[in-house]
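Inspection log for the structure reproduced underneath, given as structure tokens.
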Amino acid sequence: MACVNVLLAGAEGSGKTTFLKTIADVVVLSTDNGIVDTDPKAPAGAYSEFGRVRIDEAVTMSVYSPSPGVLDSMRNVLAGNMLGAVILVDRSSEEGFDDAQRLLKMFRARRKAPFVIALNKHNASDPAAEIAEARKRLRLDEGVPVILVSALDRGSLRNSLLALLFTALEGADTGG
Amino acid sequence: MTVLTGSLGVFGLPDIFRLMSHYNMTGALKVARESGEGVVYFREGSVDFAFSSLTREFLGQRLVTAKLITQGQLRRILDEQKKSPTKRTGDLLVDKGIVSAELLNTFIKEQIQDAIFDLLQWETGTFSVEENEVSGQEVGLSVSVENLIMESSRRIEEWELIRRRIPNLDVVVRMAPTPPASMEINIKPEEWALLVLSDGQRTVREVAAASERSEFEACKIIYGLVSTGLLDVASGQARHTPQDLEVPAIEDLFVDEVTVPTVFEPEEPEFVSPLVATPPAPTPQQAEEKEPDFVETSEFAGAVQPSEGSVDKATLMRLIAGVRKL
């Protein structure tokens, strides 16, 4: 069984738990605060979640959503078979973009890691404007996909994963 | 001086442990069988030090496995030890400031306990008791015999239970192909850590090493995860490689001329690819704007560092085909 890891990153309240519950076959939550003992700066009540998506009989996609406080301790774990990251942004709040910028800084520093931006809680009346706004505020390169999603809608989440996969595929094609 | 000899088939080691304890003896209990040997040192009736050739993992290698020292550091220490054979590995590591004395003591004690628990399971072989022979080790356990025997019995029972699901340490554990009935499962952090490591590639032994837990501790946790249906033991020990997988043809992935979907429309999906769409050109003002000075917080500093090319193209194509069916 081949297993590919996807990191689902986002600030608290961005919709990560809903994302996992909507897309995954199995969602596992770890809510014990003991996990943050190794990082005293981690916020109280930090939690980590994990969802598994069965692709076919031989391939499984594991979506990890560690709380920010435990990301560092997950470094070695996630590095193996890592596909890339979906950065979930709460479009409904100003803080959503600020939080996303911090995550982006991390991923920009590691250009080999494909990632996509998934805008949750967006105003769907003008999708093009939403995407343009996000691109501008997050100062995204043109190669970074921005996907409008609803964490409750499986189809939109599937699209975000597809976007990540195609980005990774393009990177594989170009050797980047 | 040898004060007692016999067969483990007649006197079990727990009985001899109790005897040593009852008479507050100081000495070495030596056991041997075809596959190995061991020694347990007693000091005034309490277990002080132990060694088993079957569980012996050199201290330095154990520290490397736990990622507390590097293989290079160990190699240099061992080279130095050749020049000063009387110095022990642990002492050299402490002298060089590579590990603290406290950490070293913790590891030595764990090593002793593992040896004792292994020896207490021996049912065949011979034993002898050498009175007043001491270990000469500075670090000891000083644990009462009854506590050790009780703990050992508990471990043996747990191992028997664990073996029903995890027959040996070289099997590969993976996410169970059939999800448990419950959609949402709460697990403890240590379980989560091992779940994440059980990727269908690592053996139980490798998962334990990567988690920096003892094999017993790791097996207990994995046993729990297998019991709840989250993990299962892969049949045999073969590992899939991406090349083994049947890969869909690239053209099959693009039958709908879909590139990268970016806009979610529940009723009539309409995909606009950011990879092919040209973003609006920046205004001169935008072009002059500097990248904001984001504050690198400790939360994310040095976090996930995916390895380059860790997912090959064949697997990517297979994933695309599968995700599109979700």
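The values are calculated or read from the model by the stated rules, or taken from the named source; none is laboratory data. The structure presented is a predicted model; accordingly, all values stated were derived computationally and were not measured. A quick note on method: Cβ atoms are made from the backbone with ideal geometry, for glycine too, and the neighbour counts reach across all protein chains shown.
Could you pull out the residue among B:Ser135, B:Ser152 that is crowded, with 16+ Cβ neighbours inside 10 Å, in contact with a strand residue (DSSP E or B) (Cβ under 7 Å, 6 or more places away or on another chain) and in contact (Cβ under 8 Å) with a residue 40 or more places away in the chain?
B:Ser135
Which members of the range B:82-95 meet the condition of being under 22 Å from B:Lys109 (Cβ atoms) and in a helix (DSSP H, G or I)? Break it down into steps so the answer makes sense when it comes.
The first filter runs over the range B:82-95 and keeps only residues under 22 Å from B:Lys109 (Cβ atoms), leaving B:87-95.
Residues satisfying the conditions are B:Thr89, B:Gly90, B:Asp91, B:Leu92, B:Leu93, B:Val94, B:Asp95.
Do you know which residues across the range A:141-166 are closer than 20 Å to A:Ala113 by Cβ and either surrounded by fewer than 19 Cβ atoms within 10 Å (Cβ to Cβ) or at pLDDT below 90 (or both)?
Scanning the range A:141-166 gives A:Asp141, A:Glu142, A:Gly143, A:Val144.
Tell me, please, whether a residue that is over 18 Å from A:Met61 (Cα atoms), surrounded by 17 or more Cβ atoms within 10 Å (Cβ to Cβ), more than 9 Å from every other protein chain (Cβ to nearest Cβ) and free of Cβ contacts under 8 Å to residues at least 24 places away in the same chain can be found in the range A:111-125.
No; the residues of the range A:111-125 include none that is over 18 Å from A:Met61 (Cα atoms), surrounded by 17 or more Cβ atoms within 10 Å (Cβ to Cβ), more than 9 Å from every other protein chain (Cβ to nearest Cβ) and free of Cβ contacts under 8 Å to residues at least 24 places away in the same chain.
So which residues in the range A:73-110 are assigned to a strand (DSSP E or B) and modelled with pLDDT of 80 or more, if there are any at all?
Those that are assigned to a strand (DSSP E or B) and modelled with pLDDT of 80 or more: A:Leu83, A:Gly84, A:Ala85, A:Val86, A:Ile87, A:Leu88, A:Val89, A:Asp90.
Given the structure, is B:Leu169 assigned to a helix (DSSP H, G or I) and either modelled with pLDDT of 90 or more or of a type outside the set (Ser, Thr, Tyr) (or both)?
Judged against the criteria, B:Leu169 is not a match.
Any residue in the range A:1-17 that is assigned to a helix (DSSP H, G or I) sitting within a Cβ distance under 7 Å of a residue that is surrounded by 20 or more Cβ atoms within 10 Å (Cβ to Cβ)? List the pairs, counting only those 6 or more apart or interchain.
Note: pairs meeting the criteria are A:Lys16/A:Leu8; A:Lys16/A:Gly10; A:Lys16/A:Glu49; A:Lys16/A:Ser65; A:Lys16/A:Leu88; A:Thr17/A:Glu49.
Within the range A:125-151, can you find the residues that are farther than 17 Å from A:Gln101 by Cα and under 15 Å from the mean Cα position of the chain (by Cα)?
Residues satisfying the conditions are A:Leu148, A:Val149, A:Ser150, A:Ala151.
Taking B:Phe107 as meeting all but one of (1) of a type in the set (Phe, Trp, Tyr); (2) in a helix (DSSP H, G or I); (3) modelled with pLDDT of 85 or more, write down the number of the exception.
Every listed condition holds for B:Phe107 apart from (3).
What about A:Val53, is it farther than 25 Å from B:Val172 by Cβ, modelled with pLDDT of 80 or more and among the β-branched types (Val, Ile, Thr)?
No, not satisfied.
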